[in-house]
Each structure stands twice: as structure tokens, then as C-alpha cells.
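Remarks on the structure that follows.
The values are calculated or read from the model by the stated rules, or taken from the named source; none is laboratory data. Being a predicted model, the structure only gives us computed values, none of them experimental. Cβ: placed from backbone, ideal geometry, glycine included. Neighbour counts: every protein chain shown. These area figures cover heavy atoms from the full protein model, side chains too; ligands, DNA and RNA do not enter into them. Shrake-Rupley method; radii C 1.70, N 1.55, O 1.52, S 1.80 Å.
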Amino acid sequence: MHDRLAFLSLRLSLFAALGLSAVACGSTVENGGQGGQGGAGTGASTSATSSQGGFGGWSGCAGATPVLLADGSDSGYVKCDDGTIHREVAVACDTTIDAPACEGTEPSKSCTTDADCTAKPHGKCIHQDPAFENPEPSCGCVYACANDAECGEDAVCVCPGVVNNGVAWSRCSAVAKCATDADCPSGECGITSFNDGCFQQIGLACRTADDACRVDADCMDGAACAALPYSTTGEPGTFNCETQNCAIGRPLLVAGAARTAPAAARVDWILAEITPDVASLDPAVRRALADAWTEIAALEHASVASFARFTLQLMALGAPPELLFAAQTAAADEVEHARVGYALASRYADRPIGPAKLDLSGVPLETDLRAVLGSLIEEACVGETIGAAEALALAGLVQDPALREVHARIAEDEQRHAELAWKTLRFLLEGADEDTRSFARATFDRAIEASSVDPSFRRAVVAEEVGLLSAKQIGALRRQVLRDVVRPCADALLAPAAAKAVSARLQAC
Ligand SMILES: [Fe+2]
Ligand SMILES: [Fe+2]
């Protein structure tokens, strides 16, 4: 469904941003743009509809049944009659990673043996062969965990088979406000797994009578009840009705949470020239579009602050003027994206919608090289490259000419932002030691692995012609972009075997 040539052009533009040619990177136009299944996705650009739960009150857990692992042993978790799961006791996890090892002959790889995977304990260099058509096998590091201590503070080790880990082996949770039931006054340390569009987020928190929801059925319009390290609807680390919110554009992350301004009734953010077709829409589709664009607009609005912070980080790291200029221009683009988003939200909702004040308290300004490198790779090199590809796909998919023009305009801007991300990565890695390059490789592996699964949200309305796509379509598109664009670009810059040659080529550029 998406335009494979458009992805090729995206990859070539990013190679150009890195000062490389496709041929120099060991890639060719012929083998680079293999289309997978016909999925296309939107990510947050058409994120699931937003809603707050209609939780009727505290019901607690009844009829608890032990959750058993694949080998029949007790997981330490119990399942209640309503399907919720909580953690009675901590049980150590098997660290076996049941995935094929890297063969060494894969054309694209960031590791060759397990010895290359040292970012965390229990690393394995695996052969990666996506489930759908994949002409370029690759190798990457993945990591398991044995116990909570290996996951650091505020996280626990979750064995496979308890909830959807996104992978077939044990992994650390994204957040854990409790470790076992004994930590909670209610006696219930609940666990949820939710794909927010970027990552499979496993969260543990004490169930309370004040939770916005207990199960998905308490939420409306396809939202899911989840405990996340951030929340767009309630207190982080509590149970709230969540929707996919990993947006086109760079999120303003504060302590792992995407900070956005609440919606307000105002007209000054509405671009007059944005007039989508609303008359022919079914009321449910129109409501879904209003909710989706309200969320997208808030995230685009917050991207302005994110680029402002990025500019300060660039200055602290001695960036050249062209990167500063591009960062400032990107911030201006995001103002326009927010105006377009609020205009669409207002038209679909038939009432004025704009941003209220953005709370900037506690916004960190990290200027350490690794901190900047880590967030640049996860949010920008992976996140904005996916965002650019999704907008490209949507521009070729939606039927309404006004909507098509919006997606085309956003796609063009987001491609520039993705180029800025990769150029910045190249700048940050200039003269970097092997430790730093290895950190960057491990961060790419983690981000690519986390972004490769289908989003777990349930969309109330799927309507391709207006850009409301299913989780499966979005997942397919993301895997294609990660395989055809992100991985080749990362390997061109970071693959150990190619490092010397690439570095020589970069110097020649
Ligand atoms: Fe944007
Ligand atoms: Fe952007």
C-alpha cells in the first residue's frame, strides 16, 4: 500500500545526510525497497482515539489462579477472574533467548557473536528474519534478565508468558511502582503490557480505588487500561486509559513521560485554510478523527519545546552553525504542524480546539554526550525516521485532497527533521571512542527491537481512506522502515567491521 520508491528516496536522503552513497554503504536500489505485506501505518499521526475510562469503582481481585510459565513452573503471578494479573512473589527468570544465533553471513549486522553484546547481562547476537518478506537478514543484540536486581530501580524482570513481553524471552519492565503484592495497601501489585506505538511498555503499580480503570472494558473508544512510566490522561505509574501516542515529531520527554499541553477552547491556533471534507463522514469516523488529531496536535505543539531543548544541547556540545539553523527551522515547522493539527481537530470536532499552557516544570536539560546520543537515537533517528515514512505512506493513501496535502507537507518537513537527526548523530560520533560507538550500537539495537512489534492498541474505527489504520498495518510499515531505512543507515555509520572504511569515506566527504 505504501510507496516503496518513496522509502528508497527517504533512505537515499538520509545516506546523503550522512555524507554516504547507497552503493558506498553496501546497499543498492534494487534490493533496498522490498515491499512487505501491504500494511501502512500512521503511528501517532493517526493515533487511536482518546478517551477517559468510565471506571465504575473498585472491584478488586476475585478467583485468583496461578499463572504458570511454559515449563509448568509457577511465575509468581496470579490471574483474577476479570483477567487482570498481579505479582504475589518475585521469581527468578530463565535467561535463555530462544532465537537463532547470528550466522555471520547476514548482509546487515551490528554484532557477529554474543561477545559483541555487552551493554547488559545475558546478551545474545541473534539472526533477525522478520516474519514477512525480508530480503536482507540481519544480526542484532538482544538481552534477557534473571532477576529484579538486574533491571535497576523502579523496574522488575518479567519472565516470558506472564504478559506480552514483545519478545519470547525475559525482559525488564518499563516501570515498577511495586515489586510484589506486599508493597501495596490493596494487596495487588498489578501488571499490564501496552504498546504505545513506539515501545512495548510493561508496567507494574499498586491497584487502588482511585485508578481510572481496572480493565480495558472500563475505557472507551478502544483505549486500554495500562500502567505506563508516563501518561497522557492521568498520574504516571498508575492505571489509566491509554491510547497510542508515539507521534510524528519529537516528543518532549520528562522522566520518560511525553509532556503535552491540555486542550483549550481557542481559535488562534486554527489555520483557516485547512478545510477537510467533513460532510461525507460517518459520525463515528468524524469523532475518531477529532480525537486522533487533538492528540497529534498536542504532541506537535510539544515538539516545539523539544527542539528548543535540542538547540541548547547542540550548543553545549559545540555543534556547527548549520545544525543550529536546522534545529531552529525544525522548531518553526512544528509550530505549523501544531496549527494544522489543531485546525483538523477543530473541523472534525466542530468546535475550536487549541493548546492551554504547557507545564515546563521539571524539564531536564541533559548535556552529557551519552544522554544526548541516547535520546537522539531513540526519539529522532528511529522515531522521526518512522514518522517521516508514515507521513509519506499516508500522503499516498488518504482520499480527501485537503488531508492528502497535510500529510504530504508533514512528510516533507519530517524527512528534513530525520536528516537533521542523522547529521547530528554523525557530528556526535566524530572522533568518538569505541565505547561510545558500542553504546550507540546497543541503543539502536534496543530501539529497533522495541519498535518492531505491532502496536497493541485497539482502534474503535479503522478507515484507511482517512488515515485511521489498524495496529497490524502500522506494525508492518514500521518493520519495513526499520529494515529498509533505519538499520542500513545505522550500520553504515556504526557496524564494527565497516567502521574503519566508513570513517575513511566520511573524512573524504
Ligand atoms: Fe512534526
Ligand atoms: Fe518533526
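Within region 335-380, the set of residues being in contact with a Ser or Thr (Cβ under 9 Å, 6 or more places away or on another chain) and not in a helix (DSSP H, G or I) comprises Pro352, Ile353, Gly354, Pro355, Leu358, Glu366.
Restricting region 300-314 to residues that are aliphatic (A, V, I, L, M) and open to solvent by less than 10 Å² (accessible area, probe 1.4 Å), which is farthest from ligand 1 (Cβ to nearest atom)? Result: Leu314. Give region 227-258 a look and list any residue that's open to solvent by less than 30 Å² (accessible area, probe 1.4 Å), at pLDDT 70 or above and on the phi < 0 side of the Ramachandran plot, or say none. Listed by number, the residues that qualify are Ala227, Leu228, Phe239, Asn240, Cys241, Glu242, Arg250, Leu252, Val254, Ala258.
For region 454-467, the criterion of a residue being assigned to a helix (DSSP H, G or I), open to solvent by 20 Å² or more (accessible area, probe 1.4 Å), among the small types (Gly, Ala, Ser) and on the phi < 0 side of the Ramachandran plot is satisfied by no position.
Set side by side, the residues Thr329, Thr294 differ, and just one is within 25 Å of Ala463 (Cα to Cα) and within 16 Å of ligand 1 (Cβ to nearest atom), which is Thr294.
Assess whether Ala349 counts as being within 21 Å of His407 (Cα to Cα) and under 22 Å from the mean Cα position of the chain (by Cα). When the stated conditions are applied, Ala349 does not pass them.
What number of residues within region 259-281 are in contact with a strand residue (DSSP E or B) (Cβ under 8 Å, 6 or more places away or on another chain) and surrounded by fewer than 22 Cβ atoms within 10 Å (Cβ to Cβ)? Going through region 259-281 one residue at a time, the tally reaches 10.
Which members of region 111-164 meet the condition of being touching a Ser or Thr at 6+ places or on another chain (Cβ under 6 Å), open to solvent by less than 20 Å² (accessible area, probe 1.4 Å) and at pLDDT below 80? Of everything in region 111-164, those that are touching a Ser or Thr at 6+ places or on another chain (Cβ under 6 Å), open to solvent by less than 20 Å² (accessible area, probe 1.4 Å) and at pLDDT below 80 turn out to be Ser138, Gly140. The residue that is farthest from ligand 1 (Cβ to nearest atom), among those in region 393-419 that are closer than 24 Å to Pro320 by Cα and open to solvent by 10 Å² or more (accessible area, probe 1.4 Å), is Glu419. With the structure loaded, tell me whether Arg339 is open to solvent by 30 Å² or more (accessible area, probe 1.4 Å) and either within 13 Å of ligand 1 (Cβ to nearest atom) or among the small types (Gly, Ala, Ser) (or both) or whether it fails that test. In short, yes.
Looking at the structure I just gave you, is Asp433 open to solvent by 10 Å² or more (accessible area, probe 1.4 Å) and without any contact (Cβ under 8 Å) to a residue 60 or more places away in the chain? Taking the combined requirement at face value, the residue satisfies it.
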